[in-house]
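> Below you'll find the structure I mean.
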Amino acid sequence: MAEPGRPKVRTRGPRTVERIVEAAHRLFLSRGFAETSMEAIAQEAGVSKATLYAHYGSRDELFTAVIWSTGDRFSSGLVSGVTGAADLRSKMERLAGAVLDLLLSPDVVATNRIVAAEARRFPELGKLFYENGPDRLIARLAEVFETAMATGSIRRSAPRDVAKHFIGLIRGDLQLRAMLGDESAVSATERNRAITSGVGVFLAAYAPAEPFPER
């Protein structure tokens, strides 16, 4: 079953779709949303405009597909981040690493810059980005935390709120600094500091309460 919100491709041809999305991605990053036309995307992908429109009906649809494609490359890490680790802290640190890999990836940082620069002229662009990028990440993490709550690994609370808290604690100011061109924000030192600090605060709030010792 298709994941809710995933862009629907009108015709079959996986490699053609992949070429189109990759071409759109390159042009959106190099030219911005406003300066990227469907004709330019067709030329970059090496397909006709008829073929392009057979798969994607608008530039908005293609932008959505690009966001989903980027998220798909990192989504497996959100699941594997909580498997294979013996203790809760290790699981949360692995999950935090997967989240930072996504948020600090060059493509995501560049896309954030584009949306921030053009959302005022294209309000729908900001909505598309949030619903198919950040909100999708929140939903995926909410599923992870809901499972953790069911097994008693973390305290029960609203899963989406827990996901938002986790993202905020791990991201800190790193993504903003990366967007502003601070290369040190993506260094291993900063990444490890953010993971250790963020997970520590998260567990202080959500780790199961220790039972009182018997007297």
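> How many of the residues making up region 102-127 are polar (S, T, N, Q) and not in a helix (DSSP H, G or I)?
The total comes to 1.
> Shifting gears a bit: Take the conditions farther than 30 Å from residue 26 by Cα and in a helix (DSSP H, G or I) and apply them to residue 148. Does it pass?
The answer is yes for residue 148.
> Further question on the same structure: Of the residues that sit in region 4-19 and are under 19 Å from residue 125 (Cβ atoms) and either of a type in the set (S, T, N, Q) or surrounded by 13 or more Cβ atoms within 10 Å (Cβ to Cβ) (or both), which one is modelled with the highest pLDDT? Walk me through it before giving the result.
To start, the set of residues in region 4-19 that are under 19 Å from residue 125 (Cβ atoms) comprises 5-7.
If we keep only those that are either of a type in the set (S, T, N, Q) or surrounded by 13 or more Cβ atoms within 10 Å (Cβ to Cβ) (or both) too, we end up with 6-7.
Values: 6: 54, 7: 57.
For region 4-19, the residue satisfying everything is 7.
> Looking only at region 165-195, count how many residues are in a loop (DSSP other than H, G, I, E, B), among the polar types (S, T, N, Q) and surrounded by 14 or more Cβ atoms within 10 Å (Cβ to Cβ).
Step one: list which residues in region 165-195 are in a loop (DSSP other than H, G, I, E, B), which gives 172-173, 180-182, 187.
Narrowing further to those that are among the polar types (S, T, N, Q): 187.
The next check asks that each one be surrounded by 14 or more Cβ atoms within 10 Å (Cβ to Cβ); those that pass are none.
The number of residues fulfilling the criteria is 0.
> So, of the residues in region 52-73 that are among the hydroxyl-bearing types (Ser, Thr, Tyr) and surrounded by fewer than 17 Cβ atoms within 10 Å (Cβ to Cβ), which turns out to be farthest from residue 35 (Cα to Cα)?
The extreme case among them is 53.
> Going through region 151-164 one residue at a time, which ones are buried (at least 18 other Cβ atoms within 10 Å of the Cβ) and assigned to a helix (DSSP H, G or I)? It would help to see each step written out before you state the result.
At the first step, the residues of region 151-164 found to be buried (at least 18 other Cβ atoms within 10 Å of the Cβ) are 154, 159, 162-163.
Listed by number, the residues that qualify are 159, 162, 163.
> Right, next: Quick one: would you say residue 98 is among the aliphatic types (A, V, I, L, M), touching a Leu at 6+ places or on another chain (Cβ under 6 Å) and either modelled with pLDDT of 90 or more or more than 15 Å from residue 167 (Cβ to Cβ) (or both)?
The answer is yes for residue 98.
> Got at least one residue in region 58-70 being basic (Lys, Arg), more than 28 Å from residue 180 (Cα to Cα) and without any contact (Cβ under 8 Å) to a residue 40 or more places away in the chain?
no
> With 85, 139 as the choices, which residue is closer than 30 Å to residue 208 by Cα, assigned by TED's automatic domain parsing to the domain that holds residue 191, at pLDDT below 90 and not polar (S, T, N, Q)?
Sole residue among the options that is closer than 30 Å to residue 208 by Cα, assigned by TED's automatic domain parsing to the domain that holds residue 191, at pLDDT below 90 and not polar (S, T, N, Q): 85.
The values are calculated or read from the model by the stated rules, or taken from the named source; none is laboratory data. As the structure is a computational prediction, the values presented were derived from the model and not from experiment. Counting neighbours? That spans all protein chains shown, and the Cβs are built from the backbone with ideal geometry, glycine included.
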